Amino acid sequence: MGAVALWRIRVAVEDRPGQLAGIVQAMAEHGGNVVGLSIHTDPVGVVDEFVVDVPGSHHGLVADLTRRSRDGDVMAVPAAPKDVVDDVTRSLLLTARLRSEPNQLPEALRELLDADEARWTGLGRTVPDFPEEPESVLTVPVGPLRAVRLRRLDRPFTWTESARADALVRSVLPPAGPAPTRGSVVTHRGVELFVWRVGAGDADALHRLHRRSSAETRRRRYLSGTRDVSPSMIDVFCDPGRGLTLAARPGGGGDPVALAHLMYTMDPGVGEIAFLVEDAWQGSGIGTCLARVLTAVAADWGLAEVRAETVPDNQPMQRIMRRLGATVHPPREGVVQARLPVAGTTPSRRPGRLMTLLGQAGAPGGPAAKA
């Protein structure tokens, strides 16, 4: 019997039915036994990471997987028996350990992400601690001034791993409560808004908002000629199991003038955001303001990434996403997709980058934070 070795293999699997089954089948044909699976999102999209027990050489398996992968890029590095562990269990144990030894945070992050090295650093340093390429280094903010910088040379860090590190850090920081979804804000153009989570009682106001919006505005939001919201759409907007829908109205009261959605997707750790701003209020900074609210909420939920899809001529939406640091991909089948990593961007750790909602719940025109 040949030698048996454990390998950690990353494969970018095309998002089509049966593709993952084909990858697993290829592993079985080479005698490989999958003993671990983790799904990640990173700059190229969704990536599956397997821990595989492979008899003999792994080169034939890697070559076969390369032919089956989405982009021909397969990464294989040696794994150890300690890597065959449930990620959730490991995270919970590290959290429990940090409660009694919070000063061991760098070591806990190194263990969580299987990094080669971890050390404290300051935020905003101009000279990097490590000279390697950026994808081999991950900086995890810890409060407004400090961070832990990790290095791993054999494979790049993914956005999912950044979200995991962010969640572990938050477990040892003073509790700040969930990201708020109700209160007063001011856009960067000085427009004061009151923002709240949509409920069934808002149905009539949502109908009026859509009827006041032009056909072009509705097309950019829904990618179709939708004239109004149906009862089933309002049910989706109000369902916390689907995600979050926020409405915004002027600080002085009245009907909502904008909607913002953060919805779960079938890709683990990925949310989808979308906006509708009434024509008369476009160009007032409302879209950017609401995008920052949703990004803070997404980070609070533990999402690794938010995506936005729109038509190619929706330049305002693309500008909003670029302003927040998203990558906007060229049109594909008539749709432009913007992708934004969100881990590490909660307001408590990046003051000023994301606004916090202030004021008494339900009190329009209360104290406001500058967006």
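The values are calculated or read from the model by the stated rules, or taken from the named source; none is laboratory data. None of the values given here were measured: they were computed from a predicted structure. Counting neighbours? That spans all protein chains shown, and the Cβs are built from the backbone with ideal geometry, glycine included. Protein only, heavy atoms only, side chains kept; ligands, DNA and RNA dropped before computing areas. Shrake-Rupley method; radii C 1.70, N 1.55, O 1.52, S 1.80 Å.
With the requirement that a residue be open to solvent by 40 Å² or more (accessible area, probe 1.4 Å) and either modelled with pLDDT of 90 or more or touching a Phe, Trp or Tyr at 6+ places or on another chain (Cβ under 8 Å) (or both), what does the stretch 118-148 give you?
Once the filter is applied, which keeps residues that are open to solvent by 40 Å² or more (accessible area, probe 1.4 Å) and either modelled with pLDDT of 90 or more or touching a Phe, Trp or Tyr at 6+ places or on another chain (Cβ under 8 Å) (or both), the stretch 118-148 yields Arg119, Trp120, Glu135, Thr139, Arg146.
Anything in the stretch 300-352 that is open to solvent by 40 Å² or more (accessible area, probe 1.4 Å), β-branched (Val, Ile, Thr) and modelled with pLDDT under 90? List them, or say none.
none
Counting just the residues of the stretch 254-269 that are of a type in the set (A, V, I, L, M, F, W, C) and at pLDDT 95 or above, which one comes out farthest from the chain's Cα centre (by Cα)?
The first filter runs over the stretch 254-269 and keeps only residues of a type in the set (A, V, I, L, M, F, W, C), leaving 257-260, 262-263, 266.
Remaining after also requiring at pLDDT 95 or above: 257-260, 262-263.
Values: Val257: 26, Ala258: 23, Leu259: 20, Ala260: 16, Leu262: 11, Met263: 11 Å.
Selected residue: Val257.
Just one of the numbered conditions (1) surrounded by fewer than 19 Cβ atoms within 10 Å (Cβ to Cβ); (2) modelled with pLDDT under 95; (3) aliphatic (A, V, I, L, M); (4) closer than 17 Å to Leu246 by Cα is not true of Val297; which one?
(1)
Inspect the stretch 272-293 for any residue being surrounded by fewer than 22 Cβ atoms within 10 Å (Cβ to Cβ), in contact with a Leu (Cβ under 9 Å, 6 or more places away or on another chain), assigned to a helix (DSSP H, G or I) and of a type in the set (A, V, I, L, M) and give the result as yes or no.
No: the stretch 272-293 contains no residue that is surrounded by fewer than 22 Cβ atoms within 10 Å (Cβ to Cβ), in contact with a Leu (Cβ under 9 Å, 6 or more places away or on another chain), assigned to a helix (DSSP H, G or I) and of a type in the set (A, V, I, L, M).
Report, ordered by the first and then the second residue, all pairs with beta carbons closer than 6 Å, sequence separation of six or more or different chains, a first member in the stretch 258-272 that is under 17 Å from Val229 (Cα atoms), and a second member that is open to solvent by 50 Å² or more (accessible area, probe 1.4 Å) and part of a strand (DSSP E or B).
These pairs meet every condition: Met263/Glu272.
Would you pick out the residues in the stretch 24-54 that are β-branched (Val, Ile, Thr), open to solvent by less than 20 Å² (accessible area, probe 1.4 Å) and either modelled with pLDDT under 90 or under 30 Å from Gly325 (Cβ atoms) (or both)? Step through it out loud before you land on a result.
From the stretch 24-54, those β-branched (Val, Ile, Thr) are 24, 34-35, 39, 41, 44, 46-47, 51-52, 54; that's our starting set.
Okay, now just the ones that are also open to solvent by less than 20 Å² (accessible area, probe 1.4 Å), so 41, 47, 51-52, 54.
Residues satisfying the conditions are Thr41, Val47.
In the stretch 3-11, is there at least one residue being at pLDDT 90 or above, under 15 Å from Ala76 (Cα atoms) and surrounded by fewer than 15 Cβ atoms within 10 Å (Cβ to Cβ)? Outline the logic, then answer.
Just the residues of the stretch 3-11 that are at pLDDT 90 or above, to begin with: 6-11.
Okay, now just the ones that are also under 15 Å from Ala76 (Cα atoms), so 6-11.
Still in the list and also surrounded by fewer than 15 Cβ atoms within 10 Å (Cβ to Cβ): none.
Scanning the stretch 3-11, I find no residue that is at pLDDT 90 or above, under 15 Å from Ala76 (Cα atoms) and surrounded by fewer than 15 Cβ atoms within 10 Å (Cβ to Cβ), so the answer is no.
Being under 26 Å from Ser184 (Cα atoms), open to solvent by 20 Å² or more (accessible area, probe 1.4 Å) and not aliphatic (A, V, I, L, M) is the filter here, so list the residues in the stretch 219-252 that pass it.
Arg221, Asp235, Cys238, Asp239, Pro240, Gly241, Arg242, Arg249, Pro250, Gly252
Quick grid of which residues meet (1) without any contact (Cβ under 8 Å) to a residue 40 or more places away in the chain; (2) crowded, with 17+ Cβ neighbours inside 10 Å:
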| site | (1), (2) |
| --- | --- |
| His58 | no, yes |
| Thr66 | yes, no |
| Arg70 | no, no |
| Asp73 | no, no |
| Ala76 | no, yes |
| Val84 | no, no |
| Pro102 | no, no |
| Arg110 | no, yes |
| Asp116 | yes, no |
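Could you check the stretch 194-215 and list, in sequence order, the residues that are in contact (Cβ under 8 Å) with a residue 60 or more places away in the chain and open to solvent by 30 Å² or more (accessible area, probe 1.4 Å)?
To start, the set of residues in the stretch 194-215 that are in contact (Cβ under 8 Å) with a residue 60 or more places away in the chain comprises 194-196, 198, 209-210, 212-214.
Arg212, Ser214, listed by residue number.
Looking at the stretch 86-100, which of the residues that are of a type in the set (Val, Ile, Thr) and under 22 Å from Val51 (Cα atoms) is most open to solvent (accessible area, probe 1.4 Å)?
Step by step, filter the stretch 86-100, then rank; the result is Val88.
Give the residue that is farthest from Leu340 (Cα to Cα), with candidates limited to residues of the stretch 1-46 that are part of a helix (DSSP H, G or I) and of a type in the set (A, V, I, L, M, F, W, C).
The first filter runs over the stretch 1-46 and keeps only residues part of a helix (DSSP H, G or I), leaving 19-29.
Adding the requirement that they be of a type in the set (A, V, I, L, M, F, W, C) leaves 20-21, 23-24, 26-28.
On the way: Leu20: 25, Ala21: 29, Ile23: 28, Val24: 30, Ala26: 32, Met27: 32, Ala28: 35 Å.
Ranking the candidates gives Ala28 first.
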